[in-house]
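Structure first, then comments.
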Amino acid sequence: MYRAVIVYDSRKGHTESVARGIEQGLRDGGVEVTLKKATGATLNDLKDADAVVLGSPTYHGEMMASLRTLLFEMEKADLRGRVGAAFGSYGWSGEAVPRMSETMKHVFGMNVVEPGLNVLERQGDPNSAREFGRKIAQSAQERRR
Ligand SMILES: Cc1cc2nc3c(=O)[nH]c(=O)nc-3n(C[C@H](O)[C@H](O)[C@H](O)COP(=O)(O)O)c2cc1C
């Protein structure tokens, strides 16, 4: 069984609802999923995951501090070749998603599903998150073959 962990933060619930859609899509694709708030997440939560999926809204042009902290922690793990993906909700500029994708790709050498899913606040198509989850599931399965 393939495993994925979704680690996200959200102040007002928009990114959280995207996380739940991605969780559904991963399950549709036959992947076992754990959903975690970034504030309580540790490297231990990532250790058995074939795919690591990070979610953050953009505030003041940045990802939330909890995701920045986790990305610093992730330097200590060997994530090379594992599947990574990023998502988040935004209002107008949406920097968090590309920043998380770039770090997973360039710093950790992960196999990143691009582009990440950047959902404009209140205009997100509920099916897009589920589809993104299915796409990540497919990448995790292809990587293990
Ligand atoms: C104080 C504040 C700062 C924000 N800064 C940005 C920003 O720099 N760029 C952007 O695209 N959206 C910005 N937003 C909009 C949020 O990203 C948007 O409301 C998002 O849906 C929040 O997601 P959440 O419900 O998961 O917290 C800001 C919102 C607030 C309240």
| message | One residue is enough: does the stretch 48-55 have a residue meeting the conditions surrounded by fewer than 19 Cβ atoms within 10 Å (Cβ to Cβ) and at pLDDT below 95? | response | yes
| Enumeration of residues in the stretch 99-137 that are of a type in the set (Gly, Ala, Ser) and within 12 Å of the ligand (Cβ to nearest atom) | 124
| task | Using the structure shown, decide if residue 96 is of a type in the set (A, V, I, L, M, F, W, C), closer than 20 Å to residue 135 by Cβ, touching an Asp or Glu at 6+ places or on another chain (Cβ under 8 Å) and within 12 Å of the ligand (Cβ to nearest atom). | result | yes
| task | Provide a single number: the residues in the stretch 60-92 that are of a type in the set (Ser, Thr, Tyr) and farther than 23 Å from residue 130 by Cα. | result | 2
| task | Specify the residue that is nearest to residue 113 (Cα to Cα); the eligible residues are those in the stretch 35-54 that are within 14 Å of the ligand (Cβ to nearest atom) and not in a strand (DSSP E or B). | result | 38
| request: Go through the stretch 55-94 and give me each residue that's touching a Pro at 6+ places or on another chain (Cβ under 7 Å) and outside any loop (DSSP other than H, G, I, E, B). | output: 88, 89, 90
| request: Would you be able to tell me the number of residues in the stretch 51-76 that are touching a residue at least 40 places away in the same chain (Cβ under 8 Å) and of a type in the set (Ser, Thr, Tyr)? | output: 3
| said: Out of 26, 71, I need the residue that is away from the ligand (no atom under 16 Å from the Cβ) and surrounded by fewer than 22 Cβ atoms within 10 Å (Cβ to Cβ). Which one? | reply: 71
| query | Got at least one residue in the stretch 40-47 being modelled with pLDDT under 95, more than 11 Å from the chain's Cα centre (by Cα), among the basic types (Lys, Arg) and surrounded by fewer than 21 Cβ atoms within 10 Å (Cβ to Cβ)? | reply | yes
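The values are calculated or read from the model by the stated rules, or taken from the named source; none is laboratory data. Everything quoted here is computed from the prediction, not taken from an experiment. Virtual Cβ from ideal backbone geometry, glycine too; neighbours counted across all protein chains shown.
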